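Below is one structure, written out as structure tokens; the observations come after it.
The values are calculated or read from the model by the stated rules, or taken from the named source; none is laboratory data. Quick caveat: nothing in here was measured; it's all calculated off a predicted structure. Positions of Cβ are generated from backbone atoms using ideal geometry, with glycine treated the same way; all protein chains shown enter the neighbour counts.
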Amino acid sequence: MTSQGVWRAMLGFYLLLFFGFLFGPLIVMGITAFNTPNYPQAYPFEAFTIHWFSDLLGDSELMEGLQNSLIIGAGVVALTVPVGLAGAIVMTQVYWRARGLYYLIVVSPVLTPGVILGISTVIFWKDVTRVTDAKFLYDGFFLAIVGQSTFISAYCMLVFLARLQRFDRAQEEAALDLGATQPQVFRHILLPFLRPAVFSSAVLAFLSSFENYNTTTFAILADKTLVTVLAGRVRQGTTPEISALAVLIIAVTLAGAIAYEALRRREAAREATALAQARVEDGGEPGPALAAAT
Amino acid sequence: MGQRRASPCPRAGSPVIESLVKGLLFAVPFVIVAVFWILAARERRAAADPSAKSFLERNGGVMAAFLIVAVGFWAIVMIVLPQLYMVDFSFHPKLPAKDYGGPEDHYTLASYRYFIYGSTEETDSYNIVHLRAFVLTIGASIGVTFFSFWFCYPLAYFMAQSAGPARLRMLMLLLILPFWVNEILRAFAMRIMLGTSGLINNLLVGLGVLAEPIDFLGLDIGMYTGLAYAYLLLMMFPLYNAIESLDRNQIEAARDLGAPWWHIHLNVVMPFAKPGIASGCTMVFMLSAGALAAPQILGGPNSLWFTPIVYDRFYQAFNWPQGSAYALILLLTCIVFVMAVMRVFKVNLGEITR
Amino acid sequence: MSADVELDHVWIRFGPFVAVRDATLRIENGEFFSFLGPSGCGKTTILRTISGFLEPSQGTVRIGGQDMRGIGANRRPTALIFQNLALFPLMTVAENIAYGLRVRGVPRAEQRRKVDELLGLTALRDQGTKRIAELSGGQKQRVAIARALAVEPKVLLLDEPLSALDLKLRQHMRNELRAIQQRVGITFIYITHDQGEALTMSDRIAVMNAGMIEQVGDGQTVFDEPTTAFVASFVGENNPFQGKVVAAHDGRVTVDTPVGRLGGRNPRGLKLGDDAILFVRPDALRLGPGAGGDTLSAVVLNVAFEGTMSHVFLKGPTRKDIIITVGRGESQRLPEQGETASIHYGAAAGLALPAGRLASD
């Protein structure tokens, strides 16, 4: 009884510590966004203000970084989703002796430190530019997109692979049997089946691109993304403006997560009622075809 | 030994060798693909399996072309070739951009020599600063990994084995939320907490506990805390997933047999959760060792983490070959670590990346 | 054009494994033809070969007289109903049925007309807009049939489509399938391991074992006049007695078995000294010493009363028990467990076949 009480107290203390560690800094940062001092300060709290938020909108460097981040994010999505899809399909078909090597190669970027991906991308394309004289290839946007896509494509592939594992190959054959060509099978059967994965991999790809620092900081060259601007600011010194930005980002994320969760639940509920309805009808109706035939 | 090789004797014919090696590097991936392709075709014919279809037959022309182009571009142009070129580049001297491929360009170990001896020519003294940073980075990353594991394990276990569904969903949500906040911002939040005029110091001084604020950042405490803070969840989820699939009856059985709680964890839960532990440890180690943001933002003025050094080789010293060499050293260390984890935990790559 | 399906010395190999060996048969236009055999006997392989997912390693498949080599599944006049049905879960019922027409570029109005007709035929009239997940097992079955019929195949191939249903629905669907076949009048080729399905629905049955077609015939022939030991033991319950032929004349043989010398018909022309198996159906065996028939005796192991009939299990010569089915009308006293009972059978009931693998091995 008492020993159980001790355990429970310890558990409670541990949970408090854990989530305190997780959320404490974020909450404190949130508070500093509304405090007046020029330095992010939570205690003592001097006076409530929202002028750090309005400063944010006027900060052209941040806004430009945000714009660049969005462009790069869109580019990464456009590149990684098809590549990840192709990677997953090839994984299911690749010659069995080559499968291990193939997996090792395409998954290795996930485990490679991001800085190395950035460095190797820059070096390679610089050389390509030198040899081919195609100057447009040595461009911060292009390099950032390609560098990030190296590992983000692997994320997308893993998402597609997880979905593909649940695909019933008989459906492909059924479509073929009904007269469809291979491209039709792909368009009508496989792609619709993968659509949820297309969506989630696109979201994953965009977010991974948006918040990437290690690869981008090398590959972006002279340009800037929101995250590299932020990193520069934070290194030089700190202002509550950054806290304000963090608050905004957290708010947007939170809203998105809640909307997504609500959508998912509604879908689940709809499916459950449909299924229950089908069960009721499974009594085996009289065979009208039989009646028609005799 | 290194000194002798640094002597400029191979300089004469080097542009030829240089382009030869480059061409070879470029050809290697294509040759490997071709070899496998031929092998597959031959094996299909030899097997006489009437249902076996070639890649082209299976996908149709358009799809096959898409798959080959997309995967070829990714695997070869985006992954393999840049890595090979980086390796190649690290064996070149530092030159102005226009001189690469010119007569001054030749293979050299200068960058590696610099890492060890602090000079591209001399071998008299060691490059204490960089070597120390390297060792410290690896050691501290292992430390951060250990801390993350022990800090996460109880919660992962609690969530997987004793939390009810409602509480579980709540905990999950609470765990995921901070993960959506950018790495830089989380490091920034940590800095607000731990700075000399940060919250903790302000509180402690304000309450009279301390007379002088403690320089957490200067002591690198901020950096270690920030690293653990940044990658905690990458330990949490693999652990949770692994423990979650453990049959609760096994634990009950062990308890019935009178095993003490620590014994159950050490001999029942942890061996079962091995793939999750391996996965979590690998991720946290890799990300810590390759971390750039947390050391830049939270590192004290005297702390030298290895990744920022690599960064500085590039964008302050503008010595790209040296940066490449350093990056390669980091990469090799990471590969060794992953292989060691795979060996120790007897898991394969698929289980680590899930 | 007729839609006879011909297999001409078809061999199918997967590496060293031979899935189908030397299959030759001809399925007539409009026939309900079943391939019956245990799992792994090669029947699904044959079906996939006819539908075009496999090419024979050797031999020829002809449909309507035309060699099908090199013609893919999507260009053959066949439609396949898959074991798991393989309905498209993301399409509605109507979209599923219309799919074959859609990929053929049939105009929408025509598609709609055809779908309505098929929904009527398969009793799904108001279900067209439903999703597949919303259907019951029997309804899914019908959608699969309608989808396959929509492309107006010459041959409908069915790969154990009833195996996922419960017993009652399965029996109901048998009748329905047969009725649909008679209505549309095309060739049905049906794969099953369930002899009840094969016997009730088929015009003719091919019994397969280990890649070989053992016998082809209508249900009654296969049941009453099996030509191999496998068919005799696989189709319907049978009691085998193994031994050597000790006498053979006038279309009859005597086989020396561990339970005594037993006589039977000799359709395969067994000769003196041949290894043979003598089969007697459980319902042809009678309790008590026979007058003029063949008699044997064995220890009663168990008596099971099952309402309209009873089963008596006796210790057989091998590990397999001898089974006797006793109808309710037959007045004999049922024996007690442990007693030694005499049993006999009529002269026509014994059937001697060359020794070979039994289905229960």
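Within region A:86-100, the set of residues being at the interface with chain B (Cβ under 8 Å from one of its Cβ atoms) and under 16 Å from A:L164 (Cα atoms) comprises A:A86, A:G87, A:I89, A:V90, A:Q93.
Looking only at residues that are in a helix (DSSP H, G or I) and among the hydroxyl-bearing types (S, T, Y) in region A:231-274, which one is nearest to the chain's Cα centre (by Cα)? Looking at residues that are in a helix (DSSP H, G or I) and among the hydroxyl-bearing types (S, T, Y), I get A:T253. For region C:254-263, the set of residues classified as within 22 Å of C:A359 (Cβ to Cβ) and at pLDDT 90 or above consists of C:V255 only.
The condition of being closer than 25 Å to C:T192 by Cβ, at the interface with chain A (Cβ under 8 Å from one of its Cβ atoms), surrounded by fewer than 21 Cβ atoms within 10 Å (Cβ to Cβ) and out of contact with any helix residue (DSSP H, G or I) (no Cβ under 6 Å at 6 or more places or on another chain) holds for only one of C:G137, C:G72, that being C:G137.
Against the test of being surrounded by fewer than 19 Cβ atoms within 10 Å (Cβ to Cβ) and within 14 Å of the chain's Cα centre (by Cα), the options B:L332, B:L287, B:L292 yield a single qualifying residue, B:L332. Counting only residues that are without any contact (Cβ under 8 Å) to a residue 24 or more places away in the chain, part of a helix (DSSP H, G or I) and not assigned by TED's automatic domain parsing to the domain that holds B:G23, how many does region B:72-116 have? Residues that pass the stated criteria total 4. Taking region B:136-176 as the range and being among the β-branched types (V, I, T) and farther than 25 Å from B:P271 by Cβ as the test, the residues that pass are B:T137, B:I138, B:I176. Of all the listed residues (B:A187, B:A211, B:A166), the sole one being over 30 Å from A:R8 (Cβ atoms) and surrounded by fewer than 16 Cβ atoms within 10 Å (Cβ to Cβ) is B:A211. Within region C:5-34, restricting attention to residues that are out of contact with any Asp or Glu (no Cβ under 8 Å at 6 or more places or on another chain), under 20 Å from C:V155 (Cα atoms) and not small (G, A, S), the residue that is surrounded by the fewest Cβ atoms within 10 Å (Cβ to Cβ) is C:D8. Among the residues of region C:56-65, the one identified as surrounded by fewer than 20 Cβ atoms within 10 Å (Cβ to Cβ) and under 20 Å from A:L178 (Cβ atoms) is C:G64. Could you list all residues from region A:145-177 that are more than 13 Å from chain B (Cβ to nearest Cβ), closer than 22 Å to A:F199 by Cα and touching a Ser or Thr at 6+ places or on another chain (Cβ under 7 Å)? Within region A:145-177, A:L164 is the sole residue that qualifies. Scanning region A:140-159 for residues that are buried (at least 17 other Cβ atoms within 10 Å of the Cβ) and over 13 Å from the mean Cα position of the chain (by Cα) yields a total of 8.
From the list A:L22, A:L56, the lone residue that is within 11 Å of chain B (Cβ to nearest Cβ) and aliphatic (A, V, I, L, M) is A:L22.
Regarding region A:211-223, can at least one residue be identified that is surrounded by fewer than 18 Cβ atoms within 10 Å (Cβ to Cβ), of a type outside the set (D, E, K, R) and part of a loop (DSSP other than H, G, I, E, B)? There is at least one residue in region A:211-223 that is surrounded by fewer than 18 Cβ atoms within 10 Å (Cβ to Cβ), of a type outside the set (D, E, K, R) and part of a loop (DSSP other than H, G, I, E, B). When only residues in region B:239-281 that are surrounded by 15 or more Cβ atoms within 10 Å (Cβ to Cβ) and aromatic (F, W, Y) count, which is nearest to B:M172 (Cα to Cα)? In this case the residue turns out to be B:Y240. Of A:T49, A:T36, A:T2, all but one fail to be at pLDDT below 85 and exposed (fewer than 12 other Cβ atoms within 10 Å of the Cβ); the exception is A:T2.
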